[in-house]
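Readers should treat all values here as calculations from the given coordinates under stated rules, not as data from a laboratory. It should be emphasised that the depicted structure is a prediction, and the values quoted were computed from it without experimental measurement. Quick reminder, even Gly has a Cβ in these numbers, built from the backbone with ideal geometry, and neighbours come from all protein chains shown.
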Amino acid sequence: MRNLVLILLLIGVYFSSCSDDDENPFGFTGSATAIKNGENWKSGLRVAKNLPYDIGIDLIFTVLSKEGFQRESLSIFRVKTILGQQSIFLTNSQIQNDSIGTFYATLIDDGDVLGDIYEVDTTASNNYVELTSIDKNKCEISGVFSLRLKLIRDDGDGPTPPEIIEFANGQFRSRVKREWLE
């Protein structure tokens, strides 16, 4: 059941990220970098209001292939728009509380099929997101993040995925809607 909920969440994120803008079809308003399992990692970033619970914002990181297909999706949901470090430990976005959580999956085919699925490793002590700058005049946020994720589903397509994925030295910057900073 939990996997079904995660799949539905990712499908919702996928369809809500589409836009008519040919230059920016995923609605990216920012970007991010990190060290993922020891290698440089870059992604586009879209920030959305957390729905349906209206608790903070969701950071939706997307890595595209050279052909423009989604290959990775990382969401950090229910981030409060306040300065300071916020711990990440929730694995299910359907729980109705104000806890911050994350979801990560690879995508295959033309970017609309879930591949491997990961959830936050709740035994790790360094799972966090931190807003380091909130500029209400420019409607921009920036921050840092660190995550340790564990494999919960191997899609069986391609090589065996790593059991653990670690994002270190994560940094992001994005535009946001002014009302989200009020």
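In this simple spin-label approximation, LYS177 and SER125 carry label points 7 Å from Cα along the Cα→Cβ vector, and these lie 4.0 nm apart. Counting other Cβ atoms within 10 Å as a rough exposure proxy, the listed residues GLU182, GLU163 run GLU182, GLU163 from fewest neighbours to most. Annotation: the residues ILE164, ILE108, ILE117, ILE141, sorted from fewest to most other C-beta atoms within 10 Å of their own C-beta, follow the order ILE164, ILE108, ILE117, ILE141. With contacts taken as Cα pairs under 8 Å at a separation of at least 6 residues, region 86-182 carries a relative contact order of 23 percent. Each residue, ILE82 and LYS66, gets one label point 7 Å from its Cα in the Cβ direction; the gap between the two is 4.6 nm.
Dipole of region 24-181 computed with +1 at Lys/Arg Cβ and -1 at Asp/Glu Cβ about the Cα centre; of THR122, ILE57, SER73, farthest Cα towards the positive end is ILE57.
If R0 is 30 Å, the Cβ-Cβ spacing of ASP157 and LYS49 corresponds to a FRET efficiency of close to 0.35. Amide H contacts under 5 Å for GLU72: VAL63, LEU107, restricted to partners 5 or more places along the chain or on a different chain, H placed in the peptide plane at 1.01 Å from N. Among the listed pairs LYS136/LYS177; LYS36/LYS177; LYS36/LYS136; LYS42/LYS138; LYS42/LYS66; LYS80/LYS138, those with a Cα-Cα distance over 21 Å are LYS36/LYS177; LYS36/LYS136; LYS42/LYS138. Taking amide H atoms as placed 1.01 Å from N in the peptide plane, the amide H of ILE55 lies under 5 Å from those of ASN50, each 5 or more residues away in sequence or on another chain.
Stretching ILE164 away from VAL144 to a fully extended chain increases their span by 5.2 nm, per 0.36 nm per residue minus the current alpha-carbon distance.
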